[in-house]
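Following: one structure in C-alpha cells, then a few remarks.
Bear in mind these aren't lab numbers, they're just calculated from the coordinates by the rules spelled out. Everything numeric here is computed off the predicted structure, so don't read it as measured data. Every residue, glycine among them, receives a Cβ derived from its backbone with ideal geometry; neighbour counts consider all protein chains shown.
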Amino acid sequence: MSAIRIMRLGATKDQLGESPVWDERRKRFFWIDALAGLIRMRDLATGMADAFSVPAPIGSMALREDGGAVLAMRHGFASYDFDKRTLIEGPSIGLDHPKLRLNDGKADPHGRFLAGTMHSDRAQDETPLGGLYRLDATGAVELLETDLAVSNGPCFSPDGRTFYLADSARRMIWAYDYRAEGPLANKRVFVKTEAQQSGCDGGTIDSEGYLWSVLVRIGKIARFAPDGTMVRTIDMPIRHPTSLTFGGPDLDVLYVTSISRSHALADDHPDAGGLFAVEGLGVRGLPAHRFASG
C-alpha cells in the first residue's frame with residue numbers, strides 16, 4: 001500500500017464545508033459552506049478561486065448536465081447559474097419546520113437529484129420529520145424514505161444498482177436496491193459505526209465498488225468493502241472532516257471538506273474548515289453523476 005500525503009488546498013475556512021464535487025469537464029472543484037450560504041469553486045490547475053452567495057443554509061449540490069448546479073436548500077430545491085450568478089427557486093418538499101432542513105444529496109445515474117433531511121434538536125421519543133426526496137428534471141418531487149434523523153452520505157455502486165444512505169444520528173449506513181423507476185427496495189444494514197464512536201457523514205464510491213465514508217466525530221476516513229467490512233482508515237489532521245469525493249484529472253485524489261464551527265461541532269485547529277487533498281491512496285473514483293437538463 002502506497003504512502004499517503006494530506007495537504008490543505010488554499011486558505012478558505014468553512015463553518016460547515018460539505019458536498020464536494022469534481023467537474024471533470026472544466027477541471028474545477030466545487031463545494032459548499034452550508035451555514036455561510038456559499039458555493040465555492042477552485043480551479044486546481046490555475047489556483048483560481050471564486051465563491052457564489054445563496055440563502056443559507058445549503059444542504060448539498062450536484063452539477064447540472066446543461067451547466068450550473070442543482071441545490072438542496074432549507075425546505076426545497078433550486079438551480080444556480082454560475083455565469084449569471086443567479087438562483088432560481090424550485091419545488092418545495094412540502095414541509096416547513098424550523099428544526100428541519102434538507103441536508104446531503106447526490107445526483108443518481110438516471111439524472112435525478114436525491115437529498116435527505118436532518119431534524120435537529122429532536123426529542124428522544126420524537127419521530128423524525130422529512131426523509132429522502134428525489135427531484136427529477138420536470139420538477140416532480142418524490143418521497144423515497146422516511147424516519148431519517150440526520151441523512152448523510154448518499155452514493156451509488158458503480159453499476160448504479162445499489163444505493164447507500166447513512167443516518168449519522170443512528171450511526172448506521174443502509175444499502176438498498178435501486179432502479180430507474182419505482183421505490184427503494186430490499187433495505188438492509190450495510191455497516192454500523194457505534195464501535196467507532198461516530199456516525200458517518202459524507203460518502204463516495206471508488207471504481208472498485210468500495211465505499212469511503214467520513215467518521216465525523218473522530219477525525220477519520222474509513223473505507224468499507226462491498227460486504228461492509230472496514231478495510232482501511234485514515235487519520236485526518238483536523239477533528240471534524242465532513243464529506244469527500246474523488247477528483248483530479250485521473251480521479252485518484254480524495255478531496256475532503258471539514259468543519260470549523262457548526263451548530264453541533266467545533267474545532268480550534270488552525271486548518272479546521274479547510275479543504276484537503278489526500279494523495280497516494282492507490283485507488284480511483286468515478287465521475288460524478290449529473291442532474292438532467294429540464
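The set of residues in segment 254-287 that are over 20 Å from C200 (Cα atoms) and within 19 Å of the chain's Cα centre (by Cα) comprises R284, L286, P287.
Yes/no per residue for (1) under 22 Å from I4 (Cα atoms); (2) free of Cβ contacts under 8 Å to residues at least 60 places away in the same chain; (3) of a type in the set (A, V, I, L, M); (4) touching a Pro at 6+ places or on another chain (Cβ under 7 Å):
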residue	(1), (2), (3), (4)
E181	no, yes, no, no
L184	no, yes, yes, no
V191	no, yes, yes, no
S198	no, yes, no, no
W212	yes, yes, no, no
A225	yes, yes, yes, no
M236	yes, no, yes, no
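With respect to (1) crowded, with 18+ Cβ neighbours inside 10 Å; (2) in a loop (DSSP other than H, G, I, E, B); (3) in contact with a Lys or Arg (Cβ under 8 Å, 6 or more places away or on another chain), the lone exception for R134 is condition (2).
Per the conditions (1) without any contact (Cβ under 8 Å) to a residue 60 or more places away in the chain; (2) within 27 Å of R161 (Cα to Cα); (3) part of a strand (DSSP E or B), the sole criterion not satisfied by G67 is (3).
Going by the conditions given, is A11 surrounded by fewer than 23 Cβ atoms within 10 Å (Cβ to Cβ) and more than 17 Å from the chain's Cα centre (by Cα)? Here the answer is yes, as A11 does meet what is asked. Specify the residue that is nearest to the chain's Cα centre (by Cα); the eligible residues are those in segment 181-229 that are part of a strand (DSSP E or B) and farther than 26 Å from P109 by Cβ. Filtering segment 181-229 for residues that are part of a strand (DSSP E or B) and farther than 26 Å from P109 by Cβ, the one nearest to the chain's Cα centre (by Cα) comes out as L215. What about G219, is it in contact with a Leu (Cβ under 9 Å, 6 or more places away or on another chain) and buried (at least 19 other Cβ atoms within 10 Å of the Cβ)? When the stated conditions are applied, G219 does not pass them.
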